[in-house]
Ligand SMILES: Cc1ncc(COP(=O)(O)O)c(C=O)c1O
C-alpha cells in the first residue's frame, strides 16, 4: 500500500521511470508520447542534458539562499532574461519576483496590485475582476479569481466573492448563436463587459483585471478575436486598473510568441509565469512587475510585504536560466510560430469524428471540444466523462493528452488539450495525430455503445 496522497484514489497511476524528448516511460515497460507536455509544462521536452548540467553546477555551488539575506547570480540572471523577452515598453525598470509555481505567481500578483495602490496612498482599491471559465490557481486568492465553478464549489466559504465577466468563448458566443451579432461584435461585447463591471463595482474600488491571454485548462485553448485585448487594455488604462496577464500556461513560447499578449501587441502591468519558465525541470514561477508598479515600491516604503521561503531559489532559477537559454538557442518560439498552421491543419482532420465539435487554439496549444451533437453543439452528459474516456483511450495507445471538463457552465462541456513540447519532430507529430485518431475513434465507439 502506498502512502502517497493521490489526486484520485479511485484511479490507478503508472509509476514513471524515465523520459527523453517527447517520450515518457513507466515501470511496466509502457512508453507514451507526451502530447500535452505533462500539464503544458515540459515545453522543451524531457531529459535535456544542458539543463540537468546547469542544475547540478548550481547545486554544487549553493543550493539555498534566503532572499532576506542574499540574492544569487542565477536569480539576477533569470530576472534579466525574462525582462529581455518582455515587450519593449517594459525593458527599462521592470523587475521580477520569483515564486515556486503558477498559483503562487497569481497570489503574488494580486497582493502586489493591492500593495501598489496602498503604497501610492490609495487604500480603497481592493477588487479584482476576472472572467468566468478561467483558471488562475489553487490557493485562496488565485481560486477567488478563478472562474471554474467545479474547482471552486467546495471551497466557496473560504473564497472572496468578486466580480466576474463573461468568458471569451467564440465557439459558444450566445449573441452569435442567436444571430444578433457577428464575430467582431461578439469579441468587443465581451471586452466591454469589463467597463460595466468596473462601473458597477465603483471605479475607485477596482485594483486589477486578470485574464489568460488564451484560456487554457478551463475552456481548452479558447482564443479571443482580434480587438479583445486591445479594448481590455484601453478600459484598464481609462480607469487606472492594473492589467494582470496570467501567462502561466501561455508564456515563453507556447503560443508562438514570447508572451501571449504579444500576439495582440498589448502590454500588461503585471505578468504571471510558471510552468514553461523552468519547463518542468524544477518548481519555478515568476511575476514581472512593470516599471510603474515597481516605482510604487521604490518611491515609497521600499517594501513589498510578502514572501515565500523558496522565492528566488538558486537551483530553480539556474534551471530557468538554462531553459530560457535553450529556448533561445534553438529558436523554439519561432519554430512554434512557423509550425502553427500545419499543426492546426492536421488537427482539423479530426472533424471526421462526429464527436469533435471545435478545434481551436494558437501556437502549439490546441483544444478539441467534444460534443454529443455537432449541429446543435449539445454537450455530452457529465457522466461518463467523455474527456476522461478519450484520455484513457489515448493512454492505451501510448499517448498523453490533457482532458478538461465543465467548460460551459462548470458541469457540462468536455475538451482535450493537445500541446506537445516545442521540440517535437515532424515524424513524432505524425505519430501523435495517428494515435489521437485511434483514441478518438475508440472513445466514439464506446460513447455510441452507451446511447
Ligand atoms: C493559467 C494558469 N494560471 C495558474 C495556474 C496554477 O499554476 P500551478 O498549478 O503551477 O500552481 C495554472 C495551472 O494550470 C494555469 O494554467
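All of the numbers you see were taken from the coordinates with simple rules; none came from a lab. Since we're looking at a predicted model, the values are computed, not measured. In this analysis, Cβ positions are derived from the backbone assuming ideal geometry, glycine residues included, and neighbour counts consider all displayed protein chains.
Computed values, structure above
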| quantity | calculated |
| --- | --- |
| Radius of gyration and maximum dimension Dmax of the chain, Cα, Å | 21.6, 67 |
| Computed over the stretch 258-315: relative contact order in percent, which uses C-alpha pairs under 8 Å that are six or more apart | 24 percent |
| Label zone at residue 383 (point 7 Å along Cα-to-Cβ), backbone N below 18 Å, the stretch 141-158 | 150-151, 154 |
| Estimated [θ] at 222 nm from DSSP helical runs (n ≥ 4, -39500 (n - 2.57)) normalised by residues in the chain, nearest 500 | -11500 deg cm²/dmol |
| Stretch gain in nm, segment residue 427-residue 349, where the contour uses 0.36 nm per residue and the Cα spacing is subtracted | 26.4 nm |
| Inter-centroid distance (Cα atoms) of the stretch 151-204 relative to the stretch 211-284, Å | 17 Å |
| Per-peptide average of other Cβ atoms within 10 Å, ordering 210-216, 346-352 highest first | 210-216, 346-352 |
| Dimensions (Å) - the stretch 317-394, Cα atoms, principal axes, largest first | 47, 26, 19 |
| Whole-number percent relative contact order across the chain, with pairs defined as alpha carbons under 8 Å at least 6 apart | 22 percent |
| Rounded to 5, percent antiparallel among DSSP beta bridges of the stretch 52-329 | 45 percent |
| Chain lengthening between residue 397 and residue 120 when straightened (0.36 nm per residue, less Cα-Cα) | 94.0 nm |
| Estimated inter-spin distance, residue 1 and residue 184, nm [label 7 Å along Cα→Cβ] | 6.5 nm |
| Per-pair calculated FRET efficiency, R0 = 56 Å: residue 300 and residue 449 via Cβ, rounded to 0.05 | 0.30 |
| Burial ranking of peptide ranges 223-231, 127-135, 153-161 (average Cβ count within 10 Å, highest at the top) | 127-135, 223-231, 153-161 |
| Segments 100-109, 329-338 sorted - mean Cβ within 10 Å per residue, highest first | 100-109, 329-338 |
